[in-house]
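Structure first, then comments.
The values are calculated or read from the model by the stated rules, or taken from the named source; none is laboratory data. Predicted model, so just to flag it, every value in this text is computed and none were measured. Cβ placement follows ideal geometry from the backbone for every residue including glycine, while neighbour counts extend to all protein chains displayed.
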Amino acid sequence: MPDPGDLTFEKELPGARTVFQSEDLASYEGSPWDIRISLGDAPLEDAFYFTIEDPDAIHLPIRVLLEQHALNRERRAELDIARYPDLPNIQEELVQYLEAQHRKTLDLLVYVNKNPEPGPVDLDAAADGFIATCSFEDGSFDYRVLDLVFVICPPSPDDMDVRELHEKYAEPCLLWMLDHYSNRLDPEGFAAFTRREPFKGFAGGSYSFDDANRNLTEQLKRLEMDDLLKRKDRSFGVSSEEKDDGEPLFRLTSKGEKRIAKMKEEASALRKKYDRFGSVSAYPPALGVPDGFDARIQMMRADNVKVNRSVFLMTFDTMGELAFESEDWAERFDSGGLYTAVLEALVYETTFSSDILDAIRALGDNADEEADL
Amino acid sequence: MKRLIFEDVAGNHARYPLIAAPSLERWNYDAFLDYMSRPGKASWDEGFLVAPEDPVRHETFRYLVNHPGATLNDPVRFEVDGRPLDATRPFSLYAEETHIQIKREAHASPLDPETDVDLAARHQQMYETFPERFDRVFQALFDFENDGPTDRDGRRAECFADLRERFTDRYDVPGQLRLLLAIAEIIHRAPFENGSKFMDGVWFRSGYEMWENMARGFGGVCSEKASALKFVCDVIGIPNTPVIGSREKPAPDFEDQMLDYLRDRGQRRIPLRAQHLFLELEVGGRFYLVDPTGGNIPLLFLTREDAEPWFRAGYRARMVYQTEQLHLRRVSNTIGDAVLLISEYHLPDIHFDYVFKQGLGVLIQPDLYIGGFFDWGGERRAIMQTHFASLGRSQRLPYPLFLNDENADDDDRPETLGPVEEVRQRIKGLYPNPDYSGDITLVVQPLQPNFWRRPNISEELRALLG
């Protein structure tokens, strides 16, 4: 499961074609349209439908359309129970999800099916920017639809989980991040970077109870104790507000730089060996197929490679920039959310039988031999 | 102790073991029939040196022997090693185990399902045979302290026996409905599973047997769960009508076609394959559609007025991957009973059919599906693994785990899968085709929370029930 911010949906109804913002939308003006809501990756045959008779209502915000129309209990009589008798019950279930989200007892994200832009939709945006057309091949139905997908989010790791995750992965994560910024930014830029809010607890030299990034501070201190990181020299008792003299408040030590260089070499070697198994088919065995299965983790496990660490290194090697450049990276580090992509990759480990694995591996070996020739 | 193992070789190959005292060496056929005419407990009390291994299961056997027409069977006869047993040839019980084949008389009399078949009577008789036992089973599942109804005289029911006595007179309609909803919830919560069929060697459980299975923490499929609800309704006197769900729309003369099919002993092509079975109950002169199936189907408890659109539009249901659209039809009690009796007595492969052909697998629960396939290895294994992985991928599910002989001894297999491996071994052991040389692979597929969950209960009932 991708990160919620990267999630898109490509669901189709059998016998029909849904086109996001189709070019002929204008030809549907003046006609009623539907709001369709499905849960997660459930098929569209399971979906909830609500017909909006007012053609101009597509200009309303999505939130208004949900709260005052599709998921408004007082409009239950407008549900098409002649075709879908279960709609009233489903409506009530969806209302309860919304209410739980308002009470913050549940994480609910709303996406638009077929929206090429990843991530949840802004519910205050007008619906007309997200309308699709749904046309049945037999000509029976052809209508506009706001095709929403409700995703109930997995719970965040609890405190104990986060502690364990930091024990294992904080060092490579932070080293990678610091290396990324020290390479990307000029010296002045890096110095300014170290003065940013998330680092105040660490760079200031005190463990403050109002430090919003306590996990980050603690892990940076561990790197310092391992001589991978060094804070700027300062005398005892200096205030947490350092004078901005253009120097970074901390930097990687040579040991830290060697450590990160070694991790990058390791990641590169892993990717060279295993990326070829990133999209395979089992029958017939083939590498590099579109939309295939990711057999990398299973291959690594079969080779007795330390899977969790390897997946971590490879993930940050490929998408580290995306993780670190997001504005809330520090918050996600602190909560353990930065590790989510890694953890979820492990869930999708294949379990091919040994004969399939051998066949796929042989293809990889053949590819090596051909490259050598 | 010696064992006599009766196997219904002319039916579904169900086995009914009896244990006999070591001193018993011969058993006259007439004495055997006399024994079979009495409920299991009574016959022990009367000095027979034979007892059933499972007294409840024994009643299924007795019903077949004593009321074959009621089970849609011809009268039974018995053989040992191809030699018929009768008044002139008693059972020889010198061996530790004696195997006796149950066969049929050849079309001794015509079948008349409308007269002969009556599950309600059987359920009442079953309860009367084991009243205390059923009370204990029911007590293990039903919270009388919080959900026990109060009768019109203010007395709260404390056990099932309290409910049985003039139930519809003593309890007002809201009280009856509260009880029936609580019972439907119990059945709904029980696992949707077929694993216990293989573990226990019982391919299809009767309504009473379902209660015992649920009390042990197991469950069944839709028709078994419907039968469990029917059992209680029949015993306390709640009229009920079966409702079938099918992918094909039943023909207008479906009932007549089914009766002809039954009279013909299943020689004709079955007019319709039903994919789903549940009940409509009559309470206080009104009717309520109840589906306690569970798995990933929300509990249904609707007034007839709310249920009618379902009969017109069809019933959307998704257990795992795909959404089915089923036509619903109320059928006569004869037809509903016949569907259950055919499943119980006539289909030797029904458990394999549920798991493999219908794709219901070993278990379906909100966060997990355990399916299976016949695994010939090599390319065919790869095809099936790809098939299941692709089904899961259509919903972005984690890659499934495939359990088979190849990884049965893997040290890193989670311990929690131990019972699943036991079931797999039993499935392999029970598959009756001696020529099958392949393996059985079970597919462990975690599911995402993308099923509708809210119980579908009519609003007027929610208000009434609180």
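Can you report the number of residues in region A:277-300 which are more than 14 Å from A:Asp358 (Cα to Cα) and surrounded by 20 or more Cβ atoms within 10 Å (Cβ to Cβ)? Going through region A:277-300 one residue at a time, the tally reaches 2. Selection of first residues in region A:261-280 that are within 15 Å of A:Met299 (Cα to Cα) and of second residues that are of a type in the set (Phe, Trp, Tyr) and not in a helix (DSSP H, G or I), restricted to Cβ pairs under 6 Å at least 6 apart or on distinct chains, gives the following pairs, ordered by first then second residue: A:Val280/A:Phe293. Here B:Ala95, B:Ala31 are screened, and the one residue that is out of contact with any helix residue (DSSP H, G or I) (no Cβ under 8 Å at 6 or more places or on another chain), small (Gly, Ala, Ser) and surrounded by 13 or more Cβ atoms within 10 Å (Cβ to Cβ) is B:Ala31.
Listed conditions (1) under 30 Å from B:Glu305 (Cβ atoms); (2) surrounded by fewer than 19 Cβ atoms within 10 Å (Cβ to Cβ) are all met by A:Pro55, apart from (1). Of all residues being assigned to a loop (DSSP other than H, G, I, E, B) and at pLDDT 95 or above in region A:124-141, which is surrounded by the fewest Cβ atoms within 10 Å (Cβ to Cβ)? Just the residue, please. Only one residue fits best here, namely A:Asp124.
Report yes if A:Arg83 is over 30 Å from A:Leu338 (Cα atoms), among the basic types (Lys, Arg) and facing chain B (nearest Cβ under 9 Å), otherwise no. Give the steps one after another, and end with the answer.
Details: over 30 Å from A:Leu338 (Cα atoms): yes; among the basic types (Lys, Arg): yes; facing chain B (nearest Cβ under 9 Å): yes.
Yes.
I'm trying to understand the selection: among the residues of region B:313-348, which are charged (D, E, K, R), touching a residue at least 24 places away in the same chain (Cβ under 8 Å) and in contact with a Phe, Trp or Tyr (Cβ under 9 Å, 6 or more places away or on another chain)?
As a first pass, look at region B:313-348 and keep what is charged (D, E, K, R): B:316, B:318, B:324, B:329-330, B:337, B:344.
Within this subset, residues satisfying the condition of being touching a residue at least 24 places away in the same chain (Cβ under 8 Å) are B:318, B:324, B:329-330, B:337, B:344.
Correct list: B:Arg318, B:Glu324, B:Arg329, B:Arg330, B:Glu344.
Taken over region B:55-93, the criterion of being more than 26 Å from B:Gly266 (Cα to Cα) and small (Gly, Ala, Ser) is satisfied by B:Ala87, B:Ser92.
Conditions (1) among the hydroxyl-bearing types (Ser, Thr, Tyr); (2) at pLDDT 95 or above; (3) touching a His at 6+ places or on another chain (Cβ under 9 Å), marked per residue:
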{"site": "B:Gly266", "(1), (2), (3)": "no, no, yes"}
{"site": "B:Glu280", "(1), (2), (3)": "no, yes, no"}
{"site": "B:Arg286", "(1), (2), (3)": "no, yes, no"}
{"site": "B:Ala313", "(1), (2), (3)": "no, yes, no"}
{"site": "B:Ala317", "(1), (2), (3)": "no, no, yes"}
{"site": "B:Leu328", "(1), (2), (3)": "no, yes, yes"}
{"site": "B:Val331", "(1), (2), (3)": "no, yes, no"}
{"site": "B:Gly336", "(1), (2), (3)": "no, yes, no"}
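Here A:Trp33 meets the list (1) hydrophobic (A, V, I, L, M, F, W, C); (2) touching a residue at least 60 places away in the same chain (Cβ under 8 Å); (3) surrounded by fewer than 20 Cβ atoms within 10 Å (Cβ to Cβ) almost entirely, failing just condition (3). B:Arg205 passes every criterion in (1) farther than 26 Å from B:Asn333 by Cβ; (2) at pLDDT 95 or above apart from (1). Applying the criterion of being surrounded by fewer than 20 Cβ atoms within 10 Å (Cβ to Cβ), in contact (Cβ under 8 Å) with a residue 24 or more places away in the chain and within 19 Å of the chain's Cα centre (by Cα) to the residues of region B:122-132, the residue that is nearest to B:Arg166 (Cα to Cα) is B:Gln124. Checked against the criterion of being within 14 Å of chain A (Cβ to nearest Cβ) and either surrounded by fewer than 24 Cβ atoms within 10 Å (Cβ to Cβ) or touching a helix residue (DSSP H, G or I) at 6+ places or on another chain (Cβ under 6 Å) (or both), the candidates B:Glu248, B:Glu224, B:Glu308, B:Glu282 yield just one match: B:Glu308. Going through region B:388-417 one residue at a time, which ones are facing chain A (nearest Cβ under 8 Å), part of a helix (DSSP H, G or I) and within 31 Å of the chain's Cα centre (by Cα)? Hit for region B:388-417 is B:Ala389, nothing else. Of the residues making up region B:217-236, not a single one is under 22 Å from B:Gln125 (Cβ atoms), in a loop (DSSP other than H, G, I, E, B) and either of a type in the set (A, V, I, L, M, F, W, C) or modelled with pLDDT of 95 or more (or both).
Scanning region A:249-256 turns up at least one residue that is of a type outside the set (A, V, I, L, M), surrounded by fewer than 12 Cβ atoms within 10 Å (Cβ to Cβ) and modelled with pLDDT of 90 or more. The number of residues in region B:366-387 that are within 9 Å of chain A (Cβ to nearest Cβ) and assigned to a loop (DSSP other than H, G, I, E, B) comes to 1.
Can you give me the number of residues within region A:331-373 that are assigned to a helix (DSSP H, G or I), under 30 Å from A:Trp176 (Cα atoms) and at pLDDT 80 or above?
Qualifying residue count, region A:331-373: 2.
Can you give me the number of residues within region B:290-305 that are under 20 Å from the mean Cα position of the chain (by Cα), over 30 Å from B:His387 (Cβ atoms) and within 11 Å of another protein chain (Cβ to nearest Cβ)?
First pass over region B:290-305, keeping only residues under 20 Å from the mean Cα position of the chain (by Cα): B:290-300.
Next, only the ones that are over 30 Å from B:His387 (Cβ atoms) stay: B:290, B:292, B:299-300.
From what's left, within 11 Å of another protein chain (Cβ to nearest Cβ): B:299-300.
Residues meeting the conditions: 2.
Taking the listed residues B:Gly371, B:Gly294, B:Gly378, the one that is of a type in the set (Gly, Ala, Ser), on the phi > 0 side of the Ramachandran plot and crowded, with 22+ Cβ neighbours inside 10 Å is B:Gly294, with no other qualifying.
With among the basic types (Lys, Arg), within 21 Å of the chain's Cα centre (by Cα) and modelled with pLDDT under 95 as the only criterion, which of A:Lys114, A:Lys104 stands out? Even if it seems obvious, please write down each step before you answer.
Numbers: A:Lys114 fails: modelled with pLDDT under 95.
Answer to the selection: A:Lys104.
Every condition in (1) within 14 Å of another protein chain (Cβ to nearest Cβ); (2) small (Gly, Ala, Ser); (3) free of Cβ contacts under 8 Å to residues at least 40 places away in the same chain holds for B:Gly429 except the one numbered (1). Looking at region B:133-149, which of its residues are more than 14 Å from B:Glu209 (Cβ to Cβ), crowded, with 20+ Cβ neighbours inside 10 Å and either in contact with a Phe, Trp or Tyr (Cβ under 6 Å, 6 or more places away or on another chain) or touching a residue at least 60 places away in the same chain (Cβ under 8 Å) (or both)? Correct list: B:Pro149 only. If you take the residues in region A:48-80 that are within 14 Å of another protein chain (Cβ to nearest Cβ) and free of Cβ contacts under 8 Å to residues at least 12 places away in the same chain, which one is nearest to A:Phe136 (Cα to Cα)? Here the answer is A:Ala77.
If you go through region B:311-329 one residue at a time, how many are in a loop (DSSP other than H, G, I, E, B) and within 10 Å of chain A (Cβ to nearest Cβ)? Write out each step before concluding.
Taking region B:311-329 first, the residues in a loop (DSSP other than H, G, I, E, B) are B:314, B:319-322.
Pick out the ones that are also within 10 Å of chain A (Cβ to nearest Cβ) and you get B:314, B:321-322.
Adding up the residues that qualify gives 3.
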